[in-house]
1. Restricting the first residue to region 59-82 and requiring it to be free of Cβ contacts under 8 Å to residues at least 40 places away in the same chain and among the acidic types (Asp, Glu), which pairs with a second residue that is buried (at least 18 other Cβ atoms within 10 Å of the Cβ) and not in a strand (DSSP E or B) meet a Cβ separation below 6 Å and a spacing of at least six or different chains?
2. Across region 37-52, what is the number of residues that are of a type outside the set (Val, Ile, Thr) and surrounded by fewer than 20 Cβ atoms within 10 Å (Cβ to Cβ)?
3. Tell me which of these ALA66 doesn't satisfy, since it passes every other one: (1) closer than 28 Å to THR145 by Cα; (2) at pLDDT 90 or above.
4. What is the number of the single condition among (1) at pLDDT below 95; (2) touching an Asp or Glu at 6+ places or on another chain (Cβ under 7 Å) that THR88 does not meet?
5. Name the residues in region 106-137 that are polar (S, T, N, Q) and either more than 18 Å from TYR71 (Cβ to Cβ) or touching a strand residue (DSSP E or B) at 6+ places or on another chain (Cβ under 8 Å) (or both), would you?
6. Would you be able to say whether some residue in region 5-18 is buried (at least 20 other Cβ atoms within 10 Å of the Cβ) and either of a type outside the set (S, T, N, Q) or at pLDDT 60 or above (or both)?
7. From the list GLY73, GLY30, GLY59, which residue is under 14 Å from SER161 (Cα atoms), among the small types (Gly, Ala, Ser), at pLDDT 90 or above and not in a loop (DSSP other than H, G, I, E, B)?
8. Tally the residues that are closer than 18 Å to PHE134 by Cβ, under 13 Å from the mean Cα position of the chain (by Cα) and not aromatic (Phe, Trp, Tyr), restricting the search to region 61-92.
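The values are calculated or read from the model by the stated rules, or taken from the named source; none is laboratory data. Predicted, not measured: the structure shown is a model, and the values here were computed from it. Cβ coordinates were reconstructed from backbone atoms using ideal geometry, including for glycine residues, and neighbour counts include every protein chain displayed.
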Amino acid sequence: MKTLCKATMAAVLGLAVVTSAKAANNGFTGYGYDSSGPEIYLIYNGTSINVATSPNITGYGLTSYADQGPYEGSDDTYIAVINQSTKTLNSINLSGPSGTGNAIFAFDGDGIQTYGSPGNAVDTTGYGGPTSWFSNISADNLNGTVNFIGGIAPGTQSYFSLEDMLTGAAGNGTFTGTVPDAGSTMAMLSAGLIGLGILRRRIQG
């Protein structure tokens, strides 16, 4: 009986180490090897998005900590999005490096949900976290759009994960000339609703 109890306790402790889902810094939970919080911060100021890594985030009023690298110990990146503006952030266009590592949108099944993060009904990749889903992914998986369900309101934040590091981030919300027109906005909404419908059918089936 003692042996069984010890084995059960070891299994529980092992699961805790794998998921590492615990309170961390700046309002974000730690996942996997990123037990202190996200590796990259995308900070929206109303006109542009600043890309920062900890500990170089104190200038944005955030708590710094040592960079712990990829959350799964290899290449995947835990990315925070903070809206420090007075405008809602609906989506972000992102690009990744070519010729090295993995393409950032080449999802291979070890998204942040694998490490304990909640997901959402629209995202089917396991990388979207609680509010994010992906669209407009290029054929080489180096460029794409991260959409936020309901948008990230002023003074709030969200997060997601990618397969590798970023080289560029451009806001695509309610603030610049790159705002989606009515057609593309409806297309994104329709895609989300279709995703929900498919998920519902799978559950009912």
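1. ASP67/SER54
2. So the first thing to find is which residues in region 37-52 are of a type outside the set (Val, Ile, Thr), and the list is 37-39, 41-42, 44-46, 48, 50, 52.
Now narrow it down to the ones that are surrounded by fewer than 20 Cβ atoms within 10 Å (Cβ to Cβ): 45-46, 48, 50, 52.
So the answer is 5.
3. (1)
4. Looking at each condition in turn, THR88 falls short on (2).
5. Taking region 106-137 and keeping what is polar (S, T, N, Q), we get 113-114, 117, 120, 124-125, 131-132, 135-136.
Correct list: SER117, ASN120, THR124, THR125, THR131, SER132, SER135, ASN136.
6. Residues of region 5-18 that are buried (at least 20 other Cβ atoms within 10 Å of the Cβ), as a first pass: none.
No.
7. Details: GLY73 fails: not in a loop (DSSP other than H, G, I, E, B); GLY59 fails: under 14 Å from SER161 (Cα atoms).
Result: GLY30 is the single residue among GLY73, GLY30, GLY59 that is under 14 Å from SER161 (Cα atoms), among the small types (Gly, Ala, Ser), at pLDDT 90 or above and not in a loop (DSSP other than H, G, I, E, B).
8. Residues that pass the stated criteria total 7.
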